[in-house]
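Reviewing the structure listed below.
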Amino acid sequence: MTNPQDPQDLQDPQPPRSAPDTPPPGCPAHAARLYGPDFRREPAETYRRIRREGQVTRVLLEGDVPVWFVVGYRETRQVLSDVETYGRDPRRWNGWDSVPPDWSLMPWVQYSPMMPFTEGEEHLQRAAAVSEVLATLDPFVLRGHCERFADQLIDKFAVTGRADLVYDYIYSVPTLVMGEVFGLAEDEAGLAALAEGLTTSFVSREDAMAGQQRAAAYVAGLVKAKREAPGPDLTSRFIQSTPNLTEEQHIADVMMLMAAALPLTSYWIGNTLRLLLTDERFATTLTGNRRSIGQAMNEVLWVDTPLQNLIGRYATRDTVLGGQRIRTGDLVVLGLAAANADPLLWPDGHVGHAGNHSHVAFSGGEYGCPVGGPETARIIAETTIEVLLDRVPDLALAVAPEELRWMDSVWYRCLESLPVAFTPTGVMGG
């Protein structure tokens, strides 16, 4: 995509070349890697090892690409709040020459006209437009959509007594709701392809870029259709409220909204259900205490947050962060999950999550989730979980907890599958 307003002080990166065989100077060979089987299996242990080196240290992304990694809560808040020192335009990055050509992180790191990559007044205006259109969503109507789709999906497996919730439910409810909200409910096949493309784009695989391109092509068709024939949907309202944006920018921002909403909401549901099914503190209250769902959802945002790491911020000048010298153009990756687990926040251990919403699970500052975004995700996630537990109250994990496998992604913490068993029950749709 082309840049609608190229800042004069930024240069497009040179074409990437193959990653070096050994870590470059300033990134020792023993630096932690935010990829691979150990990280995939237990990222929290990787974060603990990294913290021994300090609250800010060098790590390696996939392809052994060196970056700064922030694990301290205070330092994370500092970066999120200081947009003058830590910008969002990736064309500032001084490390593009270390990026392999098939880098799986490329889809959401390379520059595009998406609102998160803008800065200054342009960013403030486009972020405000996104928040304004999200404010038009009626929470009661949204909850109704969730309940309807949840019941329809549960009907498909209720009589069998078994299901894999990841494939049969966790992804599907938010996807169908997104289709309803964005105005593509009548194209189930296209909606499924869109969801698959978005999911693939966040996975550490060689087809991550192809996944994003498939999703972008579908969104481009949607935006074109809504520009020509608006409807009573979020896409149309956003286009109509931002007549100053180009079609390319509309595509980029609608894509951003979908990419921000679908994975995070789905994985929030999945991680919360895993907690409810494996932690005895919640398992004993599944059938009689609705508050346990909200408590579990909040605890997940602290200790098993769906969005684990945020790439990234780019230093606009030489500075110091957490005792480390950050050079102009350095890439700073924010370890949101690690920051939430900062021992300086929890001197008495991980207690006090209930009612505490000061986590950074939704990022924060000027580039945090748009106003209304977290609440929309909460409504979808909470309703999806509530309906499932109402319909199948004796839900139980069908495998040992340690047999659960996690998706390979530096961005998100999400299950590959969640097999469950329960007493077969009737359908509601007849």
Exercise. Of all helices (runs of 4 or more DSSP H) completely enclosed by the stretch 68-183, which ones contain at least 1 residues that are free of Cβ contacts under 8 Å to residues at least 24 places away in the same chain?
Worked result: 120-134, 139-157, 172-182
Exercise. Quick one: Pro374 ticks every box in (1) touching a Phe, Trp or Tyr at 6+ places or on another chain (Cβ under 6 Å); (2) closer than 21 Å to Phe117 by Cα; (3) open to solvent by less than 10 Å² (accessible area, probe 1.4 Å) bar one, so which box is it?
Worked result: (3)
For this session: Test each condition in (1) more than 22 Å from Asp64 (Cα to Cα); (2) surrounded by fewer than 21 Cβ atoms within 10 Å (Cβ to Cβ); (3) in contact with a strand residue (DSSP E or B) (Cβ under 9 Å, 6 or more places away or on another chain) for Tyr86 and report the one that comes out false.
Result: (2)
Seminar exercise, completed: Among the residues of the stretch 410-430, the number that are more than 19 Å from Asp155 (Cα to Cα) and open to solvent by 30 Å² or more (accessible area, probe 1.4 Å) is 2
Exercise. Residues in the stretch 401-408: is at least one in contact with a Lys or Arg (Cβ under 6 Å, 6 or more places away or on another chain), without any contact (Cβ under 8 Å) to a residue 12 or more places away in the chain and of a type outside the set (Lys, Arg)?
Worked result: no
Problem set entry | Spans of strands (runs of 3 or more DSSP E) in the stretch 312-353 with at least 2 residues touching a Lys or Arg at 6+ places or on another chain (Cβ under 9 Å) and closer than 21 Å to Tyr111 by Cα | 331-335
Exercise. Is it the case that some residue within the stretch 193-209 is open to solvent by 40 Å² or more (accessible area, probe 1.4 Å), farther than 23 Å from Val410 by Cα and modelled with pLDDT under 95?
Worked result: no
Problem set entry | Any chance Val427 is in a loop (DSSP other than H, G, I, E, B) and either under 16 Å from the mean Cα position of the chain (by Cα) or over 15 Å from Gly161 (Cβ atoms) (or both) | no
Problem set entry | Set Gly322, Gly368: member being on the phi > 0 side of the Ramachandran plot, in contact (Cβ under 8 Å) with a residue 24 or more places away in the chain, surrounded by fewer than 19 Cβ atoms within 10 Å (Cβ to Cβ) and not basic (Lys, Arg) | Gly322
Exercise. Among the residues of the stretch 330-355 satisfying the criterion of being of a type outside the set (A, V, I, L, M) and open to solvent by less than 40 Å² (accessible area, probe 1.4 Å), which is modelled with the lowest pLDDT?
Worked result: Gly349
Seminar exercise, completed: Log entry, pairs with first residue in the stretch 238-260 being free of Cβ contacts under 8 Å to residues at least 24 places away in the same chain, second being not in a loop (DSSP other than H, G, I, E, B) and not β-branched (Val, Ile, Thr), beta carbons closer than 6 Å, six or more apart or on different chains, reads Ile239/Lys226; Ile239/Arg227; Ile239/His250
Exercise. Do you know which residues across the stretch 1-59 are hydroxyl-bearing (Ser, Thr, Tyr), assigned to a loop (DSSP other than H, G, I, E, B) and at pLDDT 70 or above?
Worked result: Tyr35
Exercise. Is at least one residue of the stretch 117-132 out of contact with any Leu (no Cβ under 9 Å at 6 or more places or on another chain) and farther than 29 Å from Arg313 by Cα?
Worked result: no
Problem set entry | Condition broken by Thr383, with the remaining ones in (1) open to solvent by less than 20 Å² (accessible area, probe 1.4 Å); (2) without any contact (Cβ under 8 Å) to a residue 12 or more places away in the chain; (3) not small (Gly, Ala, Ser) satisfied | (2)
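The values are calculated or read from the model by the stated rules, or taken from the named source; none is laboratory data. Fair warning: this is a prediction, and the values are worked out from it, not measured in the lab. Every residue, glycine as well, gets a Cβ built from its backbone with ideal geometry; the counts of neighbours run over all protein chains shown. Note: accessible area is taken over every heavy atom of the protein model, side chains too, but ligands, DNA and RNA are not part of it. Shrake-Rupley method; radii C 1.70, N 1.55, O 1.52, S 1.80 Å.
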